[in-house]
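Since the structure comes first, as structure tokens, the remarks are kept for the end.
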Amino acid sequence: MFKAIFWDNDGVLVDTEELYFEANRDILAGAGIELTRQDFLELSLVKGKGVWGLVEQNGIADHEIELLKEKRNLLYNKNLESGILIIDGVREVLDTFNGKYIMGIVTSAYRHDFEIIHRSTGILKYFNFVLAGGEYEKYKPHPAPYLKAIELSGCRPEECVAIEDSPRGVESAITAGIRCIAIPRGISEGLDFTGAWKVLSDISQVPSALLSD
């Protein structure tokens with residue numbers, strides 16, 4: 001029986017993946033580099049390497065890349081300030097699980113961005129802890145984020161399940177020894193979720209999926 005549920009943030013709880021893609025695309029365009037949706041999917045959601053390898057291939061110097069990162073972050077923050085939509089069904093599922101499971105958010109988003117995202121969502125009350133970018137040794141698809149989550153939960157790996165929307169997140173979870181439910185959505189639809197325990201089409205299906213274990 002599961003005792004802990006670990007949730008990815010972007011694309012699972014909140015609708016932010018498209019905003020992040022747009023911020024990267026627009027800043028790179030200003031540097032004369034085309035970032036296609038397929039490039040972004042492969043580099044960010046599958047490999048977890050970000051887009052900067054593509055920038056390096058175009059002969060951009062390290063100090064210029066740092067400036068581009070700063071511009072990307074500022075634009076992304078501006079986009080986030082315009083308002084974040086909680087994904088349909090999230091509140092209802094979290095309310096169903098409230099008090100029944102240990103719940104944590106395991107995200108690659110930096111704490112600053114995470115706090116902007118959740119400034120008005122009102123859903124953080126459901127979670128026992130949050131692990132944000134930089135608060136663990138290595139990023140997804142490395143298992144470090146979920147190994148840290150397991151430690152914080154006080155549960156055994158077999159008592160934990162992760163909810164993800166990207167192949168790199170699924171790989172991170174299963175490499176940490178826990179089962180993972182994938183919910184492809186929007187930009188991540190059509191990607192390869194080999195290794196996921198279950199692949200669902202909607203977050204509202206999660207409660208019944210856990211009961212069918």
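Every number here is computed from the coordinates shown, using simple stated rules; none is lab data. Because the structure is predicted, anything quoted here is derived from the model rather than measured. Methodologically, a virtual Cβ is constructed for each residue, glycine included, from the backbone with ideal geometry; neighbour enumeration extends over all protein chains shown.
Just need the relative contact order of region 19-61 here, percent rounded to a whole number, with Cα pairs under 8 Å and 6+ apart.
29
If you fit an axis through the alpha-carbon atoms of helix 62-81 and take the longest principal axis of the Cα set of the chain, what angle between them do you get, 0 to 90°, nearest 10?
Helix 62-81 sits at roughly 50 degrees to that axis.
Could I have the simple spin-label model distance between F129 and E151, label points 7 Å from Cα toward Cβ, reported in nm to one decimal?
If labels sit at F129 and E151, their model points lie 0.8 nm apart.
Can you tally the lysine pairs in region 121-211 where the Cα-Cα distance is under 21 Å and the two residues are eight or more apart, or on different chains?
Working: K125/K148; K138/K148; K140/K148; K140/K198.
So the count works out to 4.
Regarding region 93-148, what's the average projected area of the Cα-atom convex hull, expressed in nm²?
4.2
Which parts of region 65-97 would a label at D202 reach, counting a residue when its backbone N lies under 17 Å from a point 7 Å out along Cα-to-Cβ?
Residues passing the 17 Å test: 86-96.
Give, to the nearest whole percent, the P(r) tail of region 1-115 beyond 16 angstrom, counting all Cα pairs. Write out the running numbers ahead of the final one.
On the way: 4290 of 6555 pairs.
Summing the P(r) tail past 16 Å for region 1-115 gives 65 percent.
What does the extension gain come out to for R111 and M1, with contour length at 0.36 nm per residue minus their alpha carbon separation?
Extra length available between R111 and M1 comes to 36.5 nm.
Points 7 angstrom from Cα along the Cβ direction at D62 and L211: gap in nanometres?
According to this spin-label approximation, the distance is 5.6 nm.
Per residue, what volume in Å³ does the Cα convex hull of region 1-69 take up?
So the per-residue Cα hull volume is 111 Å³.
If the chain between N77 and K47 were fully stretched, how many nm would it gain, using 0.36 nm times the residue separation less the Cα-Cα distance?
On the way: separation 30, 0.36 × 30 = 10.80 nm, distance 2.35 nm.
Gain in length upon complete extension: 8.4 nm.
Enumerate the whole-percent occupancy of each 5 Å bin, from 0 to the last occupied one, for all C-alpha pair distances of the chain.
1, 7, 15, 20, 21, 16, 10, 5, 3, 1, 0
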